[in-house]
């Protein structure tokens with residue numbers, strides 16, 4: 001991997017999420033080169049011109065319209081391409097059969113370029129497409145990272161912070177499992193200022209009560225649908241999450257982030273990508289952190305993993321039949 005001073009990121013997919021990530025990336029100065037690939041080349045051309053107008057107000061960066069050949073010496077390839085969720089209740093898992101063939105083609109072109117960096121996957125359904133990226137690329141699992149439950153965990157922290165009237169940055173809280181309808185909150189590990197959440201419970205916020213915790217978790221789980229129904233897509237939050245993962249990689253932060261990582265005898269699961277805290281550094285996923293779950297939480301994890309495993313088996317079988 002290149003040193004931070006000349007780190008290169010290639011973004012594949014210049015839709016709403018890709019554009020939001022690109023803007024956040026430019027403004028925060030993560031990396032020194034940002035190349036953008038999309039089938040809509042006019043959109044990429046316009047975004048490159050627009051983004052470079054922000055460079056007088058941000059750290060120096062070379063922004064350019066890229067091709068797959070430019071992936072050869074990239075440190076990170078970010079995937080945001082694919083067909084997005086539609087308003088009206090379409091789930092992330094509904095997108096599997098639409099996006100798997102697209103991903104297989106894109107990954108093949110990236111690998112053929114000679115790329116040997118780290119994949120960061122944000123396209124939905126992210127856990128399954130991260131698994132597909134690992135399988136299609138043949139890369140080591142530590143070099144294939146999905147955004148997983150990073151956005152869900154951020155939403156979780158926001159809601160807990162609202163309930164307590166504290167800064168979300170002072171809340172440590174993780175959503176685990178699928179980035180989607182079977183995700184769950186690991187309430188047994190929620191900390192505020194380093195203290196267990198129960199110490200902050202009152203008769204008003206009821207944060208020590210199961211019903212109140214389930215209410216918050218349900219809101220977090222369904223927040224994406226509220227955003228999609230309101231404005232058509234979610235992109236600011238996930239764009240920030242992608243950039244945070246890239247920063248941890250390029251700065252070798254060894255930061256603990258909730259991502260989609262391959263489980264290998266973790267949480268009583270194996271051979272599946274799913275949302276969990278992991279240490280992220282210059283080598284990608286440097287360690288999966290397995291939280292000690294309650295019996296109820298372990299049941300949720302089993303349910304989430306089993307639901308995704310069934311869809312992976314069915315979708316890959318359909319792909320092979322084509």
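The values are calculated or read from the model by the stated rules, or taken from the named source; none is laboratory data. Keep in mind the model is a prediction, meaning the values are calculated, not measured. With ideal geometry, Cβ positions are generated from the backbone for all residues, glycine too; neighbour counts draw on all protein chains shown.
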inquiry  = Yes or no: region 19-35 includes at least one residue that is at pLDDT 95 or above and over 20 Å from the mean Cα position of the chain (by Cα).
reply    = yes
query = Can you name the residue in region 213-244 that is in contact with a helix residue (DSSP H, G or I) (Cβ under 6 Å, 6 or more places away or on another chain) and part of a loop (DSSP other than H, G, I, E, B) and, of all such residues, is nearest to residue 86 (Cα to Cα)?
reply = 233
query = Which residues, counting only those in region 286-308, are more than 30 Å from residue 254 (Cβ to Cβ) and at pLDDT 95 or above?
reply = 295, 296, 299, 303, 306
request  = Kindly indicate whether any position in region 256-269 is touching a residue at least 60 places away in the same chain (Cβ under 8 Å) and in a helix (DSSP H, G or I).
outcome  = no
key: Qualifying residue in region 185-203 (condition: without any contact (Cβ under 8 Å) to a residue 60 or more places away in the chain, assigned by TED's automatic domain parsing to the domain that holds residue 271, buried (at least 16 other Cβ atoms within 10 Å of the Cβ) and over 24 Å from residue 289 (Cα atoms))   = yes
task = Check residue 115 against each of (1) surrounded by fewer than 22 Cβ atoms within 10 Å (Cβ to Cβ); (2) part of a loop (DSSP other than H, G, I, E, B); (3) more than 17 Å from the chain's Cα centre (by Cα) and name the one condition it does not meet.
result = (1)
Residue count for region 51-63, restricted to those that are in contact with a helix residue (DSSP H, G or I) (Cβ under 6 Å, 6 or more places away or on another chain) and part of a strand (DSSP E or B) = 1
Residue list for region 270-289, restricted to those being exposed (fewer than 15 other Cβ atoms within 10 Å of the Cβ) and not in a strand (DSSP E or B) = 289
message = If I filter region 172-180 for residues that are surrounded by fewer than 24 Cβ atoms within 10 Å (Cβ to Cβ), at pLDDT 95 or above and either under 26 Å from residue 94 (Cβ atoms) or more than 12 Å from the chain's Cα centre (by Cα) (or both), do I get at least one hit?
response = yes
